[in-house]
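Q: Here's a structure for you.
The values are calculated or read from the model by the stated rules, or taken from the named source; none is laboratory data. It should be emphasised that the depicted structure is a prediction, and the values quoted were computed from it without experimental measurement. Positions of Cβ are backbone-derived with ideal geometry, glycine not excepted, and every protein chain shown enters the neighbour counts.
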Amino acid sequence: MRSQSPRVQAEPSLAMQAYIQIRNKILKGEISLGQAVSRRGFAAELGMSLVPVAEAIQRLEAEGMLESLPRVGTRVRIPSANDVRDRYIIREALEVQCARLFCERASQAERQELSAMALRLDKTARQNSNDDNTQFEFQSFHVRFHMRIAECTGCIPLYDMLEKNQVLTFNWLCDVVTETQMPAHWHSDLTKVLSAGDPDAAALAMGKHIRTRMKDIQSAIAERFGADLSWIHRRQEAVSMDELFLKASFRRQRRSASKTTTATR
């Protein structure tokens with residue numbers, strides 16, 4: 001009887017290698033927001049041809065980390081207030097559901113594991129290291145913390161949607177470039193609510209957790225790049241979906257009434 005050969009793990013393609021290396025340079029802050037990038041420069045630096053580098057850059061553009069503009073070329077994208085808001089809206093929708101399902105389904109061992117991860121996150125955040133490698137490791141672990149919550153729900157499509165929408169990576173980019181500080185015990189406090197057995201409370205806690213970062217990052221980007229974000233401060237801290245729906249319906253009715261009045265004159 002023949003012995004089976006061990007399974008050989010395929011090497012990442014050159015395009016994937018280029019994608020990971022360029023992406024990590026951006027997330028480490030080695031390439032800053034708004035900085036121009038060169039396909040030829042990356043190809044020379046990585047020892048590759050232009051083809052895999054071009055594929056990597058195209059993928060990073062699709063994920064919103066790079067952008068190509070006429071007469072400007074390719075550069076690291078500077079997120080607008082709307083970019084931040086929209087990504088956080090998507091993230092909140094996905095992670096609030098993750099929090100609810102984690103509260104309902106996670107085992108005791110998974111709750112303890114998440115609690116340990118939260119303690120490590122909060123401890124590292126308090127150290128406030130400016131070292132690029134330390135920050136990279138911290139943000140990598142931060143993403144794993146949130147993805148672990150999704151994984152413990154047992155809902156594979158929900159996990160995949162959170163991963164494929166790249167909302168956590170986008171938030172990571174904003175965290176790195178704006179250097180905003182996380183509140184003390186932030187993840188430990190969140191984990192306590194997620195593990196307490198009340199799905200509604202877990203959902204509310206996760207929503208607040210995410211919206212707090214959105215406001216901080218929008219303000220930091222406005223300060224750094226001079227964008228006008230005065231509309232942020234005119235909005236309420238949180239507006240329910242029902243309120244948004246009613247306001248939208250009211251605006252549509254007003255527009256419809258206005259058109260009817262104009263037509264009858």
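Q: Restricting attention to segment 84-102, which residues are touching a Cys at 6+ places or on another chain (Cβ under 9 Å) and charged (D, E, K, R)?
A: Once the filter is applied, which keeps residues that are touching a Cys at 6+ places or on another chain (Cβ under 9 Å) and charged (D, E, K, R), segment 84-102 yields only Arg87.
Q: Just the residues that are part of a helix (DSSP H, G or I) and modelled with pLDDT under 75, please, taken from segment 134-172. Please lay out each step first, then the result.
A: As a first pass, look at segment 134-172 and keep what is part of a helix (DSSP H, G or I): 134-152, 156-164, 167-172.
If the condition is that a residue be part of a helix (DSSP H, G or I) and modelled with pLDDT under 75, then Val167, Leu168, Thr169, Phe170, Asn171, Trp172 are the ones that fit.
Q: Pick out, from segment 11-74, the helices (runs of 4 or more DSSP H) lying fully within it that include 1 or more residues that are of a type in the set (S, T, N, Q).
A: 14-27, 50-62
Q: Considering each residue of segment 28-52, count those that are without any contact (Cβ under 8 Å) to a residue 24 or more places away in the chain and in contact with a Gly (Cβ under 7 Å, 6 or more places away or on another chain), and give that number.
A: 0
Q: While we're looking at this one, here's another question. Would a scan of segment 98-107 turn up a residue that is part of a loop (DSSP other than H, G, I, E, B) and either in the same structural domain as Gln166 (by TED's automatic domain parsing) or over 19 Å from the mean Cα position of the chain (by Cα) (or both)? Before you say what the answer is, go through the steps one by one.
A: Applying the first criterion (part of a loop (DSSP other than H, G, I, E, B)) to segment 98-107 yields 106-107.
Applying the additional criterion that residues be either in the same structural domain as Gln166 (by TED's automatic domain parsing) or over 19 Å from the mean Cα position of the chain (by Cα) (or both) yields 106-107.
There is at least one residue in segment 98-107 that is part of a loop (DSSP other than H, G, I, E, B) and either in the same structural domain as Gln166 (by TED's automatic domain parsing) or over 19 Å from the mean Cα position of the chain (by Cα) (or both).
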